[in-house]
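In what follows, a structure is listed as structure tokens, so that the remarks can point back to it.
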Amino acid sequence: MARPVVGRDREGQILEAALRSGAHVVLEGPPGTGKSTLLRDVAARRASPFVLVEGNAELTPARLVGHFDPALVLARGYTPDVFVDGPLLEALRAGGLLYVEELNRVPEETLNVLLTVMSEGEIAVPRLGHVKASDGFRLVAAMNPYDAVGTARISGALYDRTCRITMGYQDLASECEIVAQQRPGTPDAWRRAAVGMVRATREHRDLRMGSSVRGALDFVGLTRELAALRGVPDDDWQSGLDAALVALSGRVRLDEGCNRAVEDVVTELYVAAFGPRPTGPDDDPSGGGDPGKR
């Protein structure tokens, strides 16, 4: 198979095999681990229609399934041609992939609709009749099991109808490659230090949740733009620190009982990755150079 997503060959093969076997799939992992990108790539190579649903408390059964157009119902009555398909029926009729993001934010009554479809391969819609799934229809859902705000526990009934693929963070080399692809032109040593710093947020004693590679992308991008605005080198120490604070302070979460400010933790990690602020007369005023040599 062609490389679908950086560092995701194994997961891509497993997902493709599951879909070929007729299984529905749940992708579990923290944000920024490439769940959506992986599925979009698999869908493109399968030439399957791709229908996206954003899971949230507003996703009612009617919004998922579809509805009769009230104005046309008054004029024509409850006929099939006045029914407006929701994403579920769109995917069923087309034999496509229905991708439900944030599955554990979907109301229980809406999840029950999905249970019936996964079990029976069809759905009964009042006044419309039965709609059967065309060949190729699959449900793929994604969720972040580590976020408890606004989420609900997924029932055993749903897990019993799906295969589960867990997706953790990629390794350092893969995340460096992702940043190199999306933020080209950054010196290798500086980029590796930036990615290493972001990865360190996931293991810091004062943080219960660290940042994904998205934090590294914003960190690198912001540093370059700040340096350009200030007329200093791309690896300017102060510009890098300012960028790190902006890019990461909202993404990480302090551990319960930690009395430090999140900015202090980010600054600590930045100094560990890039060294202290240059102060001596012989120091590079930009703080640039190879981070590994400081």
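Quick note: the coordinates plus some simple rules give every number you see, no bench work behind them. Just so you know, these numbers come straight off a predicted model, no measurement behind them. All Cβ positions, even for glycine, are placed from backbone atoms using ideal geometry, and neighbour counts span all protein chains on display.
If we keep just the residues of segment 23-55 that are in contact with a Phe, Trp or Tyr (Cβ under 9 Å, 6 or more places away or on another chain) and of a type in the set (A, V, I, L, M, F, W, C), which is nearest to residue 7 (Cα to Cα)?
Per the criteria, the residue is 39.
Go through the residues of segment 140-154 one by one and say whether even a single one is touching a strand residue (DSSP E or B) at 6+ places or on another chain (Cβ under 7 Å) and at positive phi.
For segment 140-154, residues touching a strand residue (DSSP E or B) at 6+ places or on another chain (Cβ under 7 Å) and at positive phi: absent.
Hey, any hits in segment 150-172 for a residue that's within 21 Å of residue 94 (Cα to Cα) and acidic (Asp, Glu)?
No, there is no match, as no residue in segment 150-172 is within 21 Å of residue 94 (Cα to Cα) and acidic (Asp, Glu).
Just one of 116, 166 is surrounded by fewer than 20 Cβ atoms within 10 Å (Cβ to Cβ), under 27 Å from residue 252 (Cβ atoms) and either in contact with a strand residue (DSSP E or B) (Cβ under 6 Å, 6 or more places away or on another chain) or free of Cβ contacts under 8 Å to residues at least 40 places away in the same chain (or both); which is it? Show your work before the answer.
On the way: 116 fails: under 27 Å from residue 252 (Cβ atoms).
Going through 116, 166 in turn, just one is surrounded by fewer than 20 Cβ atoms within 10 Å (Cβ to Cβ), under 27 Å from residue 252 (Cβ atoms) and either in contact with a strand residue (DSSP E or B) (Cβ under 6 Å, 6 or more places away or on another chain) or free of Cβ contacts under 8 Å to residues at least 40 places away in the same chain (or both): 166.
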